[in-house]
Amino acid sequence: MGIDTFLVQQGLLTQEQLADALVEQKRSGERLDRILVRLGLVGSDDVLAAIASQFHLPIVSLDDVEVDDETLRILPAKVVFKLNCAPIGREGRTLRVATSDPTELAALDELRMLTGLSIELALADERDLQKFIRARYGVAGDTLDALAGEAPTDLESSPALGDDAEQAQEASVIRLVNDLLVEAIRERATDVHVEPYEQTLAIRYRIDGVLSEAGVPATINRFRNAIVSRLKIMANLNIAEKRKPQDGRITLRHKGQEFDLRVSIIPMLHGEGVVLRILSKTAVMLGLDELGMPPAILQRWDDLIARPHGILLVTGPTGSGKSTTLYASLKRIVSDAVKAITVEDPVEYQVAGVNQIQVNHQVGLDFATGLRSILRHDPDIIMIGEIRDRETAEAAVQASLTGHLVFSTLHTNDSCGATTRLLDMGVEPFLVASTVEGVMAQRLVRRICGACRESYEPAPGEIPASLRVPPKTRLSRGRGCRECRQSGYRGRIGVYELLRVTEPLRELVMQRANASRIAQHATASGDLNLLRDAAIEKVLEGVTTLEEAVRSTSA
């Protein structure tokens with residue numbers, strides 16, 4: 001009985017759906033079971049059960065499998081990656097091997113000949129198997145296995161420049177770097193960190209705002225120079241320069257998507273450290289109503305961004321989603337009737353109908369210079385990537401006073417600290433008071449993974465007394481599964497604190513009142529909702545966890 005027949009008999013697939021899948025298989029040449037899952041016609045667990053029934057194989061959950069190093073070493077990494085199978089146990093002369101495709105009989109014969117053992121197959125989910133292989137043999141473990149025979153073993157020696165450049169152009173090194181970047185994209189990483197230490201090379205991915213190990217073998221340390229040189233070549237940087245910081249960019253395509261990688265290289269004690277920021281050029285830009293903004297705050301923000309002039313600020317630490325909020329705001333109000341110009345460093349998304357300028361410090365084009373120039377282009381709306389200094393702040397104020405709506409970002413912990421930051425930069429109090437209309441502070445909290453979400457009642461004393469959570473409230477958390485890399489979280493959502501600058505608050509700014517005094521007055525008058533309260537709302541809605549709310553909204 002074929003997989004398709006089994007699924008139809010079980011009522012999991014209709015004849016019409018099967019016909020569509022067969023048409024797609026004829027077009028693409030892909031395996032039928034993969035097509036059924038890709039098109040969303042059946043679940044991966046149903047397909048796995050169908051394959052197990054057809055081949056009379058047991059299904060194994062690789063999350064529960066512990067394999068000793070001796071068993072793993074029976075199969076070389078290049079064979080494991082090539083055949084997409086992994087040893088999971090051995091009893092005497094029998095090797096138990098997990099596979100996701102038991103139809104490859106040639107692979108089974110190859111394993112028997114290679115090991116001299118009897119092979120007992122077990123069926124595993126394809127994604128689980130690939131993660132199991134990467135975790136045990138490392139990302140790009142097959143490439144490193146092939147390179148190991150070619151590379152020098154002396155960790156103390158540093159290859160000459162010519163060797164670096166030559167090795168960086170070798171097919172194996174090119175594939176190694178590509179594997180690392182593709183793995184980062186597959187895991188939804190926003191940053192890749194390559195960190196050299198005395199005896200090791202650490203590679204970490206930032207996923208949902210948190211750094212985690214990439215899972216590369218220790219042997220990657222022997223190719224640290226070649227990896228950095230390859231990244232420099234891809235970014236059109238000077239591979240001979242190892243003493244000064246360098247910045248560049250890489251454009252690559254993966255599965256029809258185009259990605260822009262911003263490369264930063266800094267010389268460190270034991271080599272050059274590299275950080276790559278991954279931006280998807282083809283990512284769908286979110287609207288304001290998709291960012292997680294509560295309806296009440298969204299309505300008040302809509303009122304602010306519809307104003308003809310003034311300054312609107314979005315504040316928060318690096319990586320808190322400030323640029324995304326500004327882009328979504330621009331997208332909401334830009335039309336054929338208005339002209340919008342931005343000055344950004346860098347331009348992260350291209351917005352239809354918006355004139356965007358990339359900062360270029362090498363030719364003297366910074367935020368302040370760009371802002372003064374674009375005022376002569378008769379804009380209605382101006383977006384400045386960030387107010388970093390007095391010159392940019394004063395230019396933004398002047399733009400607002402001359403009838404422009406100005407969007408920008410500031411690095412402050414909360415919304416009430418924005419006005420005091422502008423005062424600290426040297427802007428006169430009466431200018432700040434008369435131009436700033438509203439300040440949005442925000443954070444990104446990790447969402448609970450939908451695949452492993454569970455409800456629980458927190459233990460007594462688990463909830464801090466400072467948090468306003470009703471007693472006996474049931475909360476949610478993630479157990480950890482393959483979908484979320486055992487973290488319990490997948491994706492992020494924003495929490496927001498909006499301060500509307502009213503006349504009483506303008507008086508306080510004129511008096512140079514500190515942030516706590518402004519917050520006290522704004523909260524009492526209903527012009528401010530606190531960031532911590534917004535995070536707790538997400539906890540009560542079951543969107544995020546209590547720990548995540550506390551972590552993300554700590555000052």
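The values are calculated or read from the model by the stated rules, or taken from the named source; none is laboratory data. As the structure is a computational prediction, the values presented were derived from the model and not from experiment. Cβ: placed from backbone, ideal geometry, glycine included. Neighbour counts: every protein chain shown. Heads up: the accessible areas ignore ligands, DNA and RNA and are worked out on the full protein's heavy atoms, side chains in. Shrake-Rupley method; radii C 1.70, N 1.55, O 1.52, S 1.80 Å.
Looking at the stretch 496-555, the helices (runs of 4 or more DSSP H) lying wholly inside it that each contain 3 or more residues that are modelled with pLDDT under 90 sit at 546-553.
Quick check: is even one residue across the stretch 125-146 modelled with pLDDT of 85 or more and outside any helix (DSSP H, G or I)? Yes, the stretch 125-146 has at least one match.
Scanning the stretch 487-510 for residues being open to solvent by 10 Å² or more (accessible area, probe 1.4 Å), touching a Lys or Arg at 6+ places or on another chain (Cβ under 9 Å) and farther than 21 Å from Ala306 by Cα gives a total of 7. Taking the stretch 487-504 as the range and being in contact with a strand residue (DSSP E or B) (Cβ under 8 Å, 6 or more places away or on another chain) and over 18 Å from Asp533 (Cα atoms) as the test, the residues that pass are Ser487, Gly488, Tyr489, Arg490, Gly491, Val501.
A count restricted to the stretch 316-346 and to residues that are farther than 24 Å from Ser264 by Cα and assigned to a loop (DSSP other than H, G, I, E, B) stands at 6. The set of residues in the stretch 293-306 being loosely packed, with under 13 Cβ neighbours inside 10 Å and either of a type in the set (Asp, Glu) or touching a Pro at 6+ places or on another chain (Cβ under 7 Å) (or both) consists of Asp303 alone.
Going residue by residue through the stretch 448-462, is there one that turns out to be in a strand (DSSP E or B), among the hydrophobic types (A, V, I, L, M, F, W, C), in contact (Cβ under 8 Å) with a residue 40 or more places away in the chain and crowded, with 17+ Cβ neighbours inside 10 Å? Among the residues of the stretch 448-462, at least one is in a strand (DSSP E or B), among the hydrophobic types (A, V, I, L, M, F, W, C), in contact (Cβ under 8 Å) with a residue 40 or more places away in the chain and crowded, with 17+ Cβ neighbours inside 10 Å, which makes the answer yes. Checking every residue in the stretch 383-396 against the condition of being free of Cβ contacts under 8 Å to residues at least 60 places away in the same chain, surrounded by fewer than 17 Cβ atoms within 10 Å (Cβ to Cβ) and among the hydrophobic types (A, V, I, L, M, F, W, C) gives zero matches. Here the helices (runs of 4 or more DSSP H) wholly within the stretch 1-84 that include at least 1 residues being under 23 Å from Ala98 (Cα atoms), open to solvent by less than 40 Å² (accessible area, probe 1.4 Å) and out of contact with any Cys (no Cβ under 9 Å at 6 or more places or on another chain) are 3-9, 32-38, 44-55, 69-72, 77-83. Entry remark, the stretch 211-240: residues being under 18 Å from Leu261 (Cα atoms) and either part of a helix (DSSP H, G or I) or of a type in the set (Asp, Glu) (or both) number 8 in total. Residues in the stretch 241-292 that are open to solvent by 30 Å² or more (accessible area, probe 1.4 Å), modelled with pLDDT of 90 or more and outside any strand (DSSP E or B): Lys242, Arg243, Lys244, Pro245, Leu269, His270. Taken together, the residues in the stretch 356-382 that are touching a residue at least 12 places away in the same chain (Cβ under 8 Å) and under 19 Å from Asp260 (Cβ atoms) amount to 4.
Do we have Pro308 as free of Cβ contacts under 8 Å to residues at least 40 places away in the same chain and either touching a strand residue (DSSP E or B) at 6+ places or on another chain (Cβ under 6 Å) or over 25 Å from Arg224 (Cβ atoms) (or both) here? Let's see the steps before the verdict.
Details: free of Cβ contacts under 8 Å to residues at least 40 places away in the same chain: no; either touching a strand residue (DSSP E or B) at 6+ places or on another chain (Cβ under 6 Å) or over 25 Å from Arg224 (Cβ atoms) (or both): yes.
No; evaluated as a whole, the condition is false for this residue.
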